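Q: Pasting in a structure now, in structure tokens, and then I'll have a few things to ask.
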């Protein structure tokens, strides 16, 4: 196998795979290197599947809106894989006046940027989703939000990219990026050395140590989040749900199962053994959170829980950027737990950056050198 | 694991349908042998990818029944020994459990 | 959070044995089991175990279970039933669903002894109701007194398939065929022989092509396979059955260990944690014992459990290192002796043609389930002698020696090597007490007296069926293949407590049939 490709993508998550697909579609030779044995084994195979615009940072919102308008609706057809995309809206629920204040704040910000999102009363929320508890007094409502299946979307991009000739190597941990004559040129793994014109670094939190090999720091933290899934339920509702108090978020999938994410409050300090392991108290806490809003799910059986790391950037917005000091290197990391929904857009942007096209959206807000001391 | 790491599709023979492709392998999620074989040709080379792609082993029995069967089919398709395929990760709860029970940690929880 | 010195998951043979040993050393021990009854598979095992005294040989499995439970209680072990361990987390924390409440426990040490689950094979119709695991059939019969079906086909000739076939016969089912894709019987020959002489036909190198029926199993078609497992056209055979039992191996239920982050490995005995010789995983203080660390017999599981229990005690300072090595020295020796012989884990997949004594194995036994008439004479336990004497049809090297222990006249010799074939000491006189017949876990010992009456011989055989024939009953003698060969009359029925439910039938047959007659059926009344 040749160790050269026009573009080398480090990281086989949904960012890496969508980028590989859009590049392969442009006729580029592309090679994806993935550390684990499985494609999409980081956050891409583990997240809650939200395709939201509401609740986003204003810098990220245009990426989300572009994807929802231009990419997600046709993605299943394009990839010839049902990615289980539903555009049935997002309800963010509140039970107290304080909750409502939080929601109003978020809603006003997003609406001012042109997103169709508004506050509704509890009774209206119940019209949209009749299974909600009586305690819900209000919600923010974004009718164009939705959700999709992150595993199928990631593997669907992978499958299609592979069909178009993109090459993939798993179990290939990148140790170092090497500059040759001032340009990022070589990707060194424990076994091999690959050569390329352009390197896209989309390796989640691992991007930090890989970028450090060419002297670049991306200020981010690793944090462990947990998700659980129920056995299949009869079709009930297809809105994406969240709460002002962040008790949980989730949706019902095509399969009928409900996928819910949440937290216990100890995420910043939870221990791990080097792999993303669940904590003994989190799933129970998420269940209690869910039942406060959806009491009818109390009898639904939980069949699985899992955990995944997010690469939480210090300002909770990703770095999508060329690196001036390291020509040939493009960073795509720090997605802070909301990369899935914008992944088709980001893959499109990265593919444009890699081949030197003008990007379809302005990406200056995501520069790598935006981080400054507070005073 | 190295023999499943190079995902370049030239490594596999052409997909040819077999007489028993309709055989249900994962009873919980109703996944057939043909779907599993097809998934391997789509690039899903590990049991973890197969599971995420097809849901096999993600049902109520958590793969207790089908995991070994899936392993055999994937190994044959890849032309490797089943011993070279790493089983999927195990997740809590080991037995399905109602949300109201999982949420009920009682007084002595912590 | 409740804290224990030692938490054990699984109250089967390994878990209970571990609990007993640890509690004996003074550890505070709790055992969780998801079932309503303790004992794991032991309470389904109604047959007598193999091995020697220290392995509890010739005791029936469920009795061993009762003994273990009593011992655990005596030493203050807390056994919590209907307690489903749903997770094993960092810091050896387990979460348990007890009475619909999640409770958190931490152990200074944890032993996972969760056992195994049954494998399945696929064929057209394998998802029909009526296709069940052999273990499930055993649970139905022996725990719940429910007959799984009337006409049964068994797939799998390993010990599970053979033992459960015999139990199905005992429960009154008709076993129409015992099928295995392998060319040879996989389990102990003595287990096969007791099934074969009841008239069950063996189909080696055969596989199930199709289970028939719309709503449930109504029939099954099998066919022969060649050496590359391809179906040989034209060899199809059809049976009317309502039940298909699958005895195609077990898989360790090692999920909790994997979840806890143990290093795991794929082995021929299943996907198991990497353990040291005491069962400790790469996570200090976390142990695995029994089938979860590799499929073996319950006898091995009990010893592994005891070793793990002692090692946990040492780990927590209840024993010092020297005391531990002393204590586990004998246990390891016992474990090694169980792993000897031609069925040893190290011999899996090997083609063995001769016994350790250099005698050619019975080909007929491996192909049809019974030793051929011309083959049986070459084995050392089979001799001809004046007067009453034992005929020991034990033809494979398996670790087992109760026959040697029980003979009050010391007629039977196995020696120090527990796998050796039993031989008869010609200098000692058999008293005809029948202890060996009842003690043989493989039901392979018969008493023969070719001079019972002029022209007639008396054959004493082990019998574990109901109704029990009575003295004077007339019927037919069956040969080793289960074929009716001559008329026979019951001249004695012995039932003693020491025989432990193995009855001794003595039947009178024509003397020329003495070497062949190995089973008895009462003649149907209406035929007379």
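Q: Average partner chain C-beta neighbours within 10 Å, per residue of A:168-181?
A: Whole-number average of other-chain Cβ neighbours for A:168-181 is 2.
Q: Please find, in a Gaussian network model of chain B (springs between Cα atoms separated by less than 10 Å), the residue of B:35, B:77, B:18 whose mean-square fluctuation is greatest.
A: Of B:35, B:77, B:18, the Gaussian network model singles out B:18 as fluctuating most.
Q: Based on Cα positions only, what radius of gyration and what Dmax would you give for the protein assembly as shown, in angstroms?
A: 33.3, 117
Q: For a quick protection proxy, order the peptides A:58-65, C:68-75 by their average other-Cβ count within 10 Å, most packed first.
A: So the order, starting with the most tightly packed, is A:58-65, C:68-75.
Q: Test of understanding: in a Gaussian network model of chain B with alpha carbons linked when under 10 Å, which of B:52, B:37, B:91 would top the mean-square fluctuation ranking?
A: Of B:52, B:37, B:91, the most mobile in the Gaussian network model is B:91.
Q: Got a sec? How would C:400, C:411 order by Cβ neighbour count within 10 Å, fewest to most?
A: In order of increasing Cβ crowding within 10 Å: C:411, C:400.
Q: While we're here: If you project the alpha carbons of region C:181-319 onto their three principal axes, what span does each projection cover, largest first, in Å?
A: Taking the Cα atoms of region C:181-319, the three principal extents are 66, 33, 33 Å.
Q: Considering Cα pairs under 8 angstrom that are at least six residues apart, work out the relative contact order of chain A and quote it in whole percent.
A: For chain A, the relative contact order is 24 percent.
Q: Right, next: Quick one: grab Rg to one decimal and Dmax as a whole number for chain C, Cα atoms only, in Å.
A: Using the Cα atoms of chain C, the pair Rg, Dmax is 24.1, 79 Å.
Q: State, in angstrom, two size descriptors of region A:88-148 derived from its alpha carbons: Rg to one decimal place and Dmax to the nearest whole number.
A: For region A:88-148, the Cα radius of gyration and maximum Cα-Cα distance read 11.1, 32 Å.
Q: Ok, one more. Run the numbers on chain C and let me know its relative contact order in percent, using alpha-carbon pairs under 8 Å that are six or more apart.
A: 14 percent
Q: To continue, here is another question. With the alpha-carbon atoms as the only input, what is the per residue convex hull volume for chain A in Å³?
A: 139 Å³
Q: Restricting to bridges with both residues inside region C:121-247, how much of the DSSP beta-bridge set is antiparallel, in percent to the nearest 5?
A: The antiparallel fraction comes to roughly 40 percent.
Q: Sticking with this one: Taking only Cα atoms and a 10 Å spring cutoff, compute GNM fluctuations for chain A and point out the largest among A:77, A:247, A:299.
A: Largest GNM mean-square fluctuation: A:299.
Q: Per DSSP helix of 4 or more residues, -39500 (n - 2.57); summed, then divided by the residues of chain A. What does that give at 222 nm, rounded to the nearest 500?
A: About -7500 deg cm²/dmol.
Q: For the peptides A:138-146, A:238-246, C:492-500, what is the packing order when you average, over each peptide's residues, the other Cβ atoms within 10 Å and list the highest mean first?
A: Those peptides, ordered most packed to least, come out A:138-146, A:238-246, C:492-500.
Q: Report relative contact order for region C:374-522 in percent, whole number only (criteria: Cα-Cα under 8 Å, sequence separation at least 6).
A: In percent, rounded to a whole number, it is 20.
Q: Using only the Cα atoms, what convex hull volume per residue in Å³ does region C:7-56 have?
A: Per-residue hull volume (Cα only) is 75 Å³.
Q: Turning to a different aspect of this structure: Quick one: work out the % antiparallel among DSSP beta bridges in the protein assembly as shown, nearest 5.
A: Antiparallel: roughly 70 percent of the beta bridges in the protein assembly as shown.
Q: Related question: When the convex hull of the C-alpha atoms of region B:24-102 is computed, what volume per residue in Å³ does it have?
A: Looking at region B:24-102, the number lands at 79 Å³ per residue.
Q: Share of antiparallel DSSP beta bridges in chain A, in percent to the nearest 5?
A: 70 percent
Q: Let me ask something additional. Return the average number of partner chain Cβ atoms within 10 angstrom of each residue Cβ along peptide C:274-282.
A: 0
Q: Further, regarding this structure: What FRET efficiency do you get for residue C:221 and residue C:336 if R0 is 45 Å and r is their Cβ-Cβ distance, rounded to the nearest 0.05?
A: After rounding to 0.05, the efficiency reads 0.50.
Q: Please list A:310-322, C:418-430 highest first by mean number of surrounding beta-carbon atoms within 10 Å per residue.
A: A:310-322, C:418-430
Q: Right, here's the next one. For region C:374-522, would you read off the P(r) tail past 25 Å as a percentage of all alpha carbon pairs?
A: When all Cα pairs of region C:374-522 are counted, 23 percent exceed 25 Å.
Q: Also, quick follow-up: Helix C:298-315: angle to the longest alpha-carbon principal axis of chain C, degrees 0 to 90, nearest 10?
A: Taking the Cα atoms of chain C, the angle to C:298-315 is about 20 degrees.
Q: Peptide B:33-44: average number of partner chain Cβ atoms within 10 Å per residue?
A: Across B:33-44, the average partner-chain Cβ count within 10 Å equals 2.
Q: Ratio to report: Rg/Rh of region C:121-247, with Cα atoms as the point set and Rh obtained by the Kirkwood method; give two decimals.
A: Checking Rg against Rh, the ratio lands at 0.94.
Q: Sticking with this one: Assign one of three labels to region A:319-375, namely rounded, prolate or oblate, based on the Cα gyration tensor with a ≥ b ≥ c the square roots of its eigenvalues; rounded applies when a/c is under 1.5, prolate when it is not and a/b is larger than b/c, and oblate otherwise.
A: Verdict is oblate for region A:319-375.
Q: For a paramagnetic label modelled at 7 Å from the Cα of residue A:212 toward its Cβ, which residues of region A:1-30 fall within the zone defined by backbone nitrogen distances under 20 Å?
A: Under 20 Å, as judged by backbone N against the label point of residue A:212, lie A:10-11 of region A:1-30.
Q: Any idea how far apart residue C:144 and residue A:3 come out in nm if each label point goes 7 Å out from Cα toward Cβ?
A: Output for this residue pair reads 6.2 nm.
Q: Still on this structure: What number, rounded to the nearest 500 deg cm²/dmol, is the helix-based mean residue ellipticity at 222 nm of chain C, given -39500 (n - 2.57) per DSSP H run of at least four residues and division by all its residues?
A: It lands at -6000 deg cm²/dmol.
Q: Could you work out how far helix A:14-25 tilts from the main Cα principal axis of chain A, as a 0 to 90 degree angle to the nearest 10?
A: Here the helix axis deviates by roughly 60 degrees.
Q: Still on this model: What FRET efficiency comes out for residue C:347 versus residue C:500 if R0 is 45 angstrom and r is the Cβ-Cβ distance? Round to the nearest 0.05.
A: It comes to 0.90.
Just so you know, all these numbers are worked out from the coordinates, no wet-lab data involved. In this text the structure is predicted, and so the values were computed from the model without any measurement. Every residue, glycine as well, gets a Cβ built from its backbone with ideal geometry; the counts of neighbours run over all protein chains shown.
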